[in-house]
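Below you'll find the structure, written out as structure tokens, and then a few comments.
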């Protein structure tokens, strides 16, 4: 049965479940499971439930408001829930490890395996690349057998723009940096954002890719990243690593903030100490702390030299630094946090003019910009005079605005809209590998038998689901690592669709099956 027809049929007969907790599965009877998810995953979950029913599982779907669902999953009240998790470092460091290490910040499946913990620790701290690769490969083999999730897929990043937009392409980390972009026949470029709001104008007070898209155009970091993920110098002219836990950064001279003040090592230290301190944001901990990894201490050796000391070696430390943008100590101290978020000042290619978190955000070119990374030409002030970020959460609205010429770049094009845009005159569609992993996480405290979890993986025909829903822009993964990141085991194939094997495993686990 085709996926969409199956989803419609399931929606007609499907039971959405009571408001209370899902039923705990017990051996000796039919396996009962509730699949929870947000509205954007409903068709997918209905199809998954349909495949589970075909092997005799009493599978139901319940749709939630996303933040409420996450809170319930954290409390351990759900059987299984659809979620996604993005990587900022192209490494398991901030993808597989926080999701699957015992007790880690993203581990809402409550999976625990001491050997996997040991392998993760080894892989994420050794400076021996071969040893790290071996540890990640061994961890993936264990995860495959333990099957803590119904392993899923990653989605490509699909964006579109007017063909008047020059020197633009999507980044693998989903962010839009506009310093190098030009607009033929114009100097004001409008970006249609997928969000209805961003979280903050303070680069230390968010964990959100859409927010970072805006802020990276106002603020620069010690390092930045090319569209394909390579770390290159930005505010730092160079760096050295005298030992595995020490980095020394040499800053470019002559960089100025938008208020005219020079950027020095004092600003760099202040920026990182705000994030490291438990009370750095006027009594609050910065949500960016996890993105600093093992960083312990930041010191100014002179006005243009900074030393960073790590607790443990970190092969991905430079990738982590991409996500910290430098703020001006004197300005922020003078105006306070409230004044800073009303009018943020950075050292990036564009300066803030006006805007709200949930409305248009207007930036203007900073003519005294030092030029940005020499690894990302052109170097110098931005070609664009003005940039507008416009909140447009509905995909249809973004597409209509692009076709009407009201915006010039749009984020997150739905796969089923690609063909329409490719046929349209004056539009370019570009694709980059995605860095978000999509899966159905299983509550390992409730579904304790690995055979049951393996059966759920074998029961789902992901190839059909992904083909019907995502039109070739979704790609399966075998466990919880991405092929774009370090440590991915290309020899490990995803669970094959095998309903007979799924039934066999459920019988072995003591369940009644069809």
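For segment 68-191, averaging the sequence separation of C-alpha pairs within contact (under 8 Å, six or more residues apart) and dividing by the residue count gives a relative contact order of 13 percent.
Normalised by the number of residues in segment 342-409, the average gap of Cα pairs under 8 Å and 6 or more apart makes the relative contact order 24 percent. Taking 0.36 nm per residue of sequence separation and removing the Cα-Cα distance, the residue 240/residue 353 pair yields an extension gain of 37.0 nm. Neighbour counts of C-beta atoms inside 10 Å place 116, 34 in the sequence 34, 116, starting with the fewest.
In the set [x] 73, 54, 40; [y] 61, 58, 45; [z] 93, 48, 42, the label that goes with Cα extents along the principal axes in Å computed for this structure is [x].
Here segment 362-387 is scanned for amide nitrogen atoms under 16 Å from the site 7 Å beyond the Cα of residue 226 along Cα-to-Cβ, giving 373-379. The distance separating the Cα centre of segment 442-471 from that of segment 253-270 comes to 51 Å. Considering helices alone, the calculated mean residue ellipticity of the chain at 222 nm is -8500 deg cm²/dmol, with DSSP H runs of length four and up weighted by -39500 (n - 2.57) and normalised per residue.
Neighbour counts of other Cβ atoms within 10 Å put 322, 429 in the fewest-to-most order 429, 322. How much FRET efficiency would the formula 1/(1 + (r/R0)^6) give for residue 493 and residue 164, where r is the Cβ-Cβ distance and R0 is 45 Å, rounded to 0.05? It comes out at approximately 0.55. Compute the distance from the alpha-carbon center of segment 126-187 to that of segment 205-248, in whole Å. Value for the Cα centre distance between the two parts: 16 Å. With both labels modelled 7 Å from their Cα along Cα-to-Cβ, the residue 422 to residue 75 distance reads 4.6 nm. Once the chain from residue 67 to residue 277 is taken as fully extended at 0.36 nm per residue, the excess over their C-alpha distance is 72.9 nm. This ranking places 468, 441 by how few other beta-carbon atoms lie within 10 Å of each, fewest first, which gives 468, 441.
Net length available on complete extension from residue 476 to residue 145 is 117.5 nm, with 0.36 nm assigned per residue and the Cα-Cα distance removed.
With the simple model of a label 7 Å out from the Cα in the direction of the Cβ, residue 343 to residue 379 spans 3.2 nm. The mean sequence separation of alpha-carbon pairs under 8 Å and at least six residues apart, normalised by the residue count of segment 459-514, gives a relative contact order of 33 percent. Once each part is reduced to its C-alpha centroid, what is the distance from segment 380-399 to segment 350-369 in angstrom? So the separation of the two Cα centres works out to 11 Å. Taking 7 Å steps out from each Cα toward its Cβ at residue 133 and residue 188 produces label points 5.2 nm apart.
We did not get these values from a lab; they are worked out from the coordinates using the rules stated. In this text, all values refer to a predicted model and were calculated from it rather than measured experimentally. Using ideal geometry, Cβ is built from the backbone for each residue, glycine included, and neighbour counts are taken over all protein chains shown.
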